[in-house]
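The values are calculated or read from the model by the stated rules, or taken from the named source; none is laboratory data. Source: prediction; values computed, not measured. A quick note on method: Cβ atoms are made from the backbone with ideal geometry, for glycine too, and the neighbour counts reach across all protein chains shown. In case anyone asks, the SASA skips ligands and DNA or RNA and just uses the protein heavy atoms, side chains included. Shrake-Rupley method; radii C 1.70, N 1.55, O 1.52, S 1.80 Å.
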Amino acid sequence: MRATVIHAPHDIRVEEVPDPAIRLPTDAVVRVLKACICGSDLWAYRGESARQPGQRIGHEFLGVVEETGAGVDGFTVGDLVVAPFVWSDGTCAYCADGLTTSCPEGGFWGSVGSDGGQGEAVRVPHADGTLVKLPAAAASDDRLLTALLALSDVLGTGHHAALGAGVTKGSTVAVVGDGAVGLCGVLAAKRLGAERVIALGRHTARTDIARRFGATDVVAERGEAASAAVRELTRGEGAHSVIEAVGTEQSMRTALDIVRDGGAIGYVGVPHGSASGVDLGVMFDRNIALRGGVAPVRTYIPELLPDVLDGTIDPSPVFDLSIGLDEVPAGYRAMDGRTALKVLITP
């Protein structure tokens, strides 16, 4: 089959690789219908996170079950399924607590020795604990299928950030970051009942999506100017909840500057320098809570799925460029150059 591999920074290729096969009774093989490129994939692309030459890449996909191991009980050949970006066994203490990303038997797609999502098919370990079945009819609805793909990562990650930030009905929320996760954070905050959602972003195409998702205000400034603008919008107090969806020192400093005393920051931006933006003294003095981390999206999919199916929420607009598998290298260049927000791949 064909799959995306990374050989070195800025060297993404689509190559012939061995077909996935059942190795353990709990495995399944899924033929990929939709996949995508994540902002976090760019850290490997830019050389900021290490990868072995020839390693697979991509961690978001949905598709059709083509084969199951003898120990798989919940799925049969032909089922339409979505996979969260981490596989998990569904039986350990962490999975029982909803922290599927800490499952001792779990792992990330594209890690050494595993298949990546940006290919024609994927071997799925622990299929019963990992995959979530989708209505078969969704396979013929391209827009819905695209929206459902967001369940594999960005929608659940935005939801995780909103929960970490303590978003409640009637609250004021600020979202730092106008990427796909930040935009899904806007969608999640609105879904949880936020009355006011302030989106921080400079790119009109993205802030237009933020408004479509429920943002009531847009702040285009950065740094101290952004903090001052949010303070002005909130009578000098700041937002009850702040979603940090970037992961840099500046974004974390901005989050701390704009959160209300006694408020909370939900952080899901993959950290690359953000730790230096955390001042525990400031947090202590102002009673600011900081919660977040890698999102256990497998736990959130059953809750979010009905709202996507009935159209209550539609995250599909975050995918603004659609390509075939052979065009994946160009897709990476587009996202790296910020000419695309999130690239949809149809193998």
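When 332, 94 are compared by accessible area at a 1.4 angstrom probe, the order from most to least is 94, 332. Averaging Cα coordinates gives a centre for the range 1-26 and one for the range 289-347; these two points are 21 Å apart. Each Lys and Arg contributes +1 and each Asp and Glu -1, all at the Cβ; summed about the Cα centre of the range 69-194, the dipole is approximately 540 debye.
The length gained on full extension between residue 303 and residue 2, counted as 0.36 nm times the residue separation minus their Cα-Cα distance, comes to 105.0 nm. Calculated FRET efficiency, residue 19 to residue 137, Cβ-Cβ distance, R0 = 45 Å: about 0.95 to the nearest 0.05.
With the Cα gyration tensor of the range 93-162 giving a ≥ b ≥ c as the square roots of its eigenvalues, does the rule (a/c under 1.5 for rounded; else a/b larger than b/c for prolate; else oblate) give rounded, prolate or oblate? Before the final figure, lay out the partial values.
Working: a/c = 1.76, a/b = 1.28, b/c = 1.38.
Since a/c reaches 1.5 but b/c is at least a/b, the shape of the range 93-162 is classed as oblate.
Rounded is the label for the range 43-173, because the ratio a/c of its alpha-carbon gyration tensor axes (a ≥ b ≥ c) stays below 1.5. Peptides 48-57, 281-290 ordered by packing proxy, namely the average of other Cβ atoms within 10 Å per residue, highest first: 48-57, 281-290.
Taking every Cα-Cα distance in the range 196-347 and sorting them into 10 Å bins from zero, the calculated P(r) comes out as 10, 31, 37, 19, 4, 0 percent. Rounded to the nearest 20 debye, the dipole magnitude of the chain is 700 debye, with +1 charges on Lys and Arg beta carbons, -1 on Asp and Glu beta carbons, and the Cα centre as origin. Looking at the square roots a ≥ b ≥ c of the eigenvalues of the Cα gyration tensor of the chain, which shape do they give, rounded for a/c under 1.5, prolate if a/b is larger than b/c, or oblate? Cα axes put the chain in the prolate bin.
Taking the charge dipole of the range 17-171 about its Cα centre, with +1 at Lys and Arg Cβ atoms and -1 at Asp and Glu Cβ atoms, the residue from 131, 98, 65 reaching farthest to the positive side is 98.
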